[in-house]
Ligand code: 3HC
């Protein structure tokens, strides 16, 4: 249909062309990119909360320094992504208002609590591992600024994933209590990590257009399957069990078969009924309000610099 764009726009996409901010683009393309990039950015900054919860309680200076660096990275990912969204003609403040007023989303995964130190390992291994599977294809997204932001983000995510795996391996090979703590964290984070990839393809209203536009290179279910195929051998290396009795290698499919996902949980969490939705938004909005003076000072300073330069 016309909303997908005119023939030359679609031909450019078909030739793996890149769309840059000043190029002509259909409104619907611009709108869905603002939607996805903004919600990706919101996910990054909300994601700082569950992890930040353990910075003051990390078991060693070494682990504390790593976690500090990771949480700072997430803030930086939010920055790159808000900057990429702003190239589409919208201001970051409008996007944050949309988040705070519930008109835009953030990833369901960050509405789960981090009840033990092992959760920091499970988030690194599973959540950042899932993020990498989802984000590597986005490095080839048709919209230039988003694809380029992804390249640097993916490099930093692989550090996040490695440190999570290393943390879990240490616990898994530790005392029986430490092994049990690591297994408990994997039990709680496994299924929500599969839900991160979104609803099943047949219930994914944005997929068809995002695929036609070269934004989504693989479907929600394809990436979910890819993540399972990567994570299962890693869980064996960790000596931890994935909490899915139906998980088994299917030699005909050359993939792991896995159990039914309860997508009603995903839709409930997206609708705000997760464990931590209220807490996350309350922390976010109060941090935003408490930070008002910093934004005012930065704007005043910028205005003074501009005046002086004039
Ligand atoms: N959490 C919250 N909302 C979700 C969701 C999830 N896990 N999965 C899907 N949704 C929402 C979609 O946003 C959409 O709602 P909207 O139209 O109001 O935006 C609706 O459910 C239907 O889903 P669709 O499959 O039709 O939507 P998409 O085609 O946009 O696919 C997506 C969803 C796969 C998440 C896609 O948007 C995407 O690839 N986004 C970029 C990656 C991203 O946002 N990752 C966040 C993970 S956290 C992270 O990366 C931080 C890292 O440091 C750990």
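The values are calculated or read from the model by the stated rules, or taken from the named source; none is laboratory data. The structure displayed is predicted, hence computed values, not measured ones. All Cβ positions, even for glycine, are placed from backbone atoms using ideal geometry, and neighbour counts span all protein chains on display.
Side notes on the structure shown:
- Single condition residue 198 does not satisfy, out of (1) in a helix (DSSP H, G or I); (2) within 9 Å of the ligand (Cβ to nearest atom); (3) within 14 Å of the chain's Cα centre (by Cα); (4) modelled with pLDDT of 95 or more: (1)
- Out of 221, 257, 246, one residue alone is without any contact (Cβ under 8 Å) to a residue 60 or more places away in the chain and loosely packed, with under 12 Cβ neighbours inside 10 Å. It is 246.
- Screening the candidates 44, 8, 3, 16 for the property of being within 16 Å of the ligand (Cβ to nearest atom) and modelled with pLDDT under 95 yields one hit, 3.
- Conditions (1) within 19 Å of residue 86 (Cα to Cα); (2) part of a helix (DSSP H, G or I); number of the one not met by residue 8: (1)
- Meets criteria (closer than 25 Å to residue 23 by Cα and either assigned to a loop (DSSP other than H, G, I, E, B) or within 14 Å of the chain's Cα centre (by Cα) (or both)) for residue 140: yes
- Residue within the stretch 183-193 that is at pLDDT 95 or above, within 13 Å of the ligand (Cβ to nearest atom), under 18 Å from the mean Cα position of the chain (by Cα) and within 24 Å of residue 35 (Cβ to Cβ) present: yes
- Residue match in the stretch 154-174 (condition: assigned to a loop (DSSP other than H, G, I, E, B), surrounded by fewer than 18 Cβ atoms within 10 Å (Cβ to Cβ) and more than 10 Å from the ligand (Cβ to nearest atom)): yes
- Tally of residues being away from the ligand (no atom under 12 Å from the Cβ) and either at pLDDT below 95 or over 21 Å from residue 207 (Cα atoms) (or both) across the stretch 123-150: 1
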